[in-house]
Amino acid sequence: MKLGMDVLVEENFRRFWGMRVGAIVNASSVDSHFRHWVDILLETPQLSLCALFAPEHGLGGAAAYMVPVEDTQSAQLPIYSLYGDNVASLKPKPESLEGLDVLLFDIQDIGSRYYTYIYTMALAMQAAGEAGVKFCVVDRPNPLGGLAVQGNLVQPGFNSFVGMYPLPNRHGMTAGELALLFNHAFGIGCQLEVVACEGWGRGQRWRETGLAFIPPSPNMPNPETALVYPGMCLCEGTNLSEGRGTALPFLQWGAPWVDGKRLAGELNAQKLPGVVFRPIHFSPGFDKHAGRVCEGIFIHVTDEEVFLPWETGVACFWTAQKCFPEHFAFRTEPYEFVEDILAFDLLAGSARLREGMQTARRLEDLLHKTPEEQKEWEDFMSLRQRYLLYTEKN
């Protein structure tokens, strides 16, 4: 198969000849031969690379989550930050787009609505539209495949940089497909082009593509982490460690006050599909419970085809709260530039899940959609279908 970037390389970027180009890229922005966008564009004399734009974690992907990124210079090019210390810093400034003919976006997404790069893309699309600059998304496969869609939609009033639009937790779309959805259904209206992958079928998971996985952020080291992320990112909204500061974040989680054996027993008794829970000990090097020994759980996905990451994440934190009510708590610190809404609610898309966790006697009660939610879900699935670029088989 070919990445969108490979398609452009093969045609020697002919469609951009004579243009002044800006690029939103990071460490994952390489072709199938591991060559980075910046190096390739600088070696293409028929166009001019004029500016780079860095998302959360920075151009090299070294900054920690929610740490501001500064404007800087590299290879005589300005690097404009798209992740600072306030909401205004998330959108390209008009002066950073002056003189550009096209703004490229090529960063590996991982298939979950919380992942901030897709909103960096959306905000940059807005800015490009306002500046009269063409926007081009150079597409990559969704590591989770493009068939399964799971979770709930973000409700009005709970929009944020981890859920700007009403998407489900696992959306089953590529960045290019999301760009089409954002542009037409959510009213951005910029001049948009998507360079699609060739040979990718939406039924393919990452390991089936033959591509190397380049970590797009410091705590997304492999496809296995991406697979659990649609549910396990909820951990950021609690006082449990999501494994940041360890080699395997989101696959392992816990706290100093957890009884790992008890928790694993409770979770395994629920017989969730395609997953087994193993009690472990770990000590985070930074972030929550840094330097302390935590007991917790390691998540072993035994069958990707039937595994349900959103449902598994809900089960994990509902069970942790039930087992350790005297210790478990929801995060109260400001999260992703929002101070008046709990982080867990922003991640969950509403307050309903958190409130239900405190009263529900059965996991099924938490996962059940109300009639209104079911209607919203069906409407989204119908809308989504209009913007899909790839068929089930390549």
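Find how many whole Å separate the alpha carbon centroid of the stretch 300-351 from the alpha carbon centroid of the stretch 202-244. A separation of 15 Å, based on Cα centres.
Local charge sum around VAL162 (other residues, Cβ-Cβ under 12 Å, Lys/Arg +1, Asp/Glu -1)? Mind showing how you got there, number by number?
Values: positive: ARG113; negative: GLU56, GLU236, GLU336, ASP345.
Local charge sum for VAL162: -3.
Stretched out straight at 0.36 nm per residue, the stretch from THR391 to ALA351 would grow longer than its current Cα-Cα span by 10.9 nm.
Work through the residues other than CYS323 whose Cβ is under 13 Å from its Cβ and net out their charges, Lys, Arg +1 and Asp, Glu -1.
Values: positive: LYS261, ARG262, LYS322; negative: ASP259, GLU266, GLU295, GLU326.
For residues surrounding CYS323, the net value is -1.
By the combined test of axial Cα extent (at least 30 Å) and Kyte-Doolittle hydropathy (mean at least 0.0), none of the DSSP H helices of the chain qualifies. Counted over the stretch 238-306 with a bin width of 10 Å, the fraction of Cα pairs per bin, in whole percents, is 24, 49, 23, 3.
Viscosity 1.567 mPa s, temperature 4 °C: what is the translational diffusion coefficient of the stretch 312-369 from Stokes-Einstein with a Kirkwood Rh over Cα pairs, rounded to a whole number of µm²/s? Display every interim value, and only then the final one.
On the way: Rh = 12.1 Å.
Result for D is 107 µm²/s.
Rounded to the nearest 20 debye, the dipole magnitude of the chain is 680 debye, with +1 charges on Lys and Arg beta carbons, -1 on Asp and Glu beta carbons, and the Cα centre as origin. With the simple spin-label model, which puts each label point 7 Å out from Cα in the Cβ direction, the ARG361 to LYS322 separation comes to 1.2 nm.
Over 16 Å, how big is the tail of the calculated P(r) for the stretch 188-282, in percent of all Cα pairs?
The calculated P(r) of the stretch 188-282 puts 68 percent of pairs beyond 16 Å.
Multiplying each eigenvalue of the alpha-carbon gyration tensor of the stretch 228-366 by 5 and taking the square root yields semi-axes of 20, 19, 14 Å, largest first, rounded to whole angstroms. Evaluated at q = 0.14, 0.17, 0.18, 0.25 Å⁻¹, the base-10 log of the normalised Debye intensity for the stretch 293-394, with identical point scatterers placed on the Cα atoms, takes the values -0.79, -1.06, -1.14, -1.37.
Counting only heavy atoms of protein chains, what accessible area per residue, in Å², does the chain have with a probe of 1.4 Å? Before the final figure, lay out the partial values.
Values: 15520 Å² over 394 residues.
Ligands and nucleic acids excluded, the result is 39 Å² per residue.
May I ask you to work out the translational diffusion coefficient for the stretch 207-258 at 20 °C, viscosity 1.002 mPa s, via Stokes-Einstein with Rh from the Kirkwood sum over Cα pairs, reported in whole µm²/s?
On the way: Rh = 11.8 Å.
Estimated diffusion coefficient is 181 µm²/s.
Place a point 7 Å from Cα of ASP379 in the direction of its Cβ. Which residues in the stretch 145-180 have their backbone N less than 11 Å from it? It comes to 156, nothing else. Legend: residue pairs LYS288/LYS322; LYS271/LYS322; LYS134/LYS375; LYS271/LYS369, Cα-Cα distance threshold 29 Å; pairs beyond threshold, LYS134/LYS375.
Taking other residues whose beta carbon is less than 9 angstrom from the beta carbon of GLY145, and scoring Lys, Arg as +1 and Asp, Glu as -1, yields 0.
Taking the DSSP beta bridges in the chain as the whole, what percent of them are antiparallel, to the nearest 5?
Values: 23 of 44 bridges.
Counting only bridges with both partners in the chain, antiparallel ones make up about 50 percent.
Quotient of the Cα radius of gyration of the chain and 2.2 N^0.38 Å, N being its number of residues: 0.98.
Label-to-label distance, ARG15 versus GLU70, with points set 7 angstrom from Cα along the beta-carbon direction: 3.7 nm. Straight-distance candidates among the aspartates and glutamates for linking to LYS261, with alpha-carbon spacing under 15 Å and chain neighbours fewer than 8 residues away dropped: GLU295. In this structure the amide hydrogen of GLN204, modeled in the peptide plane, comes within under 5 Å of the amide hydrogens of GLY146, none closer than 5 places in sequence on its chain.
Here the spin labels are modelled as points 7 Å beyond Cα on the Cα-Cβ line, and at GLU372 and PHE286 they lie 4.1 nm apart. Partners of LYS393 within straight-line reach, counting aspartates and glutamates whose Cα lies under 19 Å from its Cα and excluding those fewer than 8 residues away in the same chain: ASP139, GLU177, GLU198, GLU208, GLU304, GLU305.
The values are calculated or read from the model by the stated rules, or taken from the named source; none is laboratory data. Predicted, not measured: the structure shown is a model, and the values here were computed from it. So basically every Cβ, Gly included, is an ideal-geometry build from the backbone, and we count neighbours across all protein chains shown. Only protein heavy atoms, including side chains, enter the accessible area calculation; ligands, DNA and RNA are left aside. Shrake-Rupley method; radii C 1.70, N 1.55, O 1.52, S 1.80 Å.
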